[in-house]
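Everything below concerns the one structure shown next.
What follows draws every value from the coordinates through simple rules; no lab data is involved. Here the structure is a predicted model, which is why all the values come from computation and not from measurement. Here the Cβ positions follow ideal geometry from the backbone for every residue, glycine too, while neighbour counts run over all protein chains shown.
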Amino acid sequence: MISGVSVTVMRPGEPTRDRFGNEVAGEPVSEQVDGVLVAEPTTEDMAAARTEGYTLAYTLHFPKSYATGLRGCTVVLPEPWANGKGYRVHGDPRPYMDANTPGRWNRPVRVEAADG
């Protein structure tokens, strides 16, 4: 039987304004998501043709029960994948159609290292 791990999704908090009226990032809001599969990078992820300069770290497969958007989020993985900072979600991952995914997982989420 396939089983996933628990990850922490860090969602950006509501921005506030400082005393000069500048927007300041709000405190992130965290939520635990159980049953996430972690896939190692493929050779496709290592292609030199990526123009945005990021390094993909993993593909996470979120369960069908998780329906919240992930744009702008960071995912903190448990050991042995933990990096101390979390991994940024790449883009705005969308789920596959339920009819085409008979298993428990329907949303691949690519995450990138937040090191630079």
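Here are a few things to note about the model shown:
- Gyration tensor (alpha-carbon) shape descriptor, the range 74-116, a/c threshold 1.5: oblate
- Positive minus negative residues near Thr74 (Lys, Arg vs Asp, Glu; Cβ under 11 Å): +2
- Shape call, the range 1-43: gyration tensor on alpha carbons, a/c limit 1.5: oblate
- Gyration tensor (alpha-carbon) shape descriptor, the chain, a/c threshold 1.5: prolate
- Loop-resident sites, the range 52-98, for trypsin sites (Lys or Arg not before Pro), counting at most 16 other Cβ within 10 Å (DSSP): Lys64, Arg71, Lys85
- Cβ-Cβ FRET estimate between Arg71 and Phe20, R0 fixed at 25 Å, reported to 0.05: 0.35
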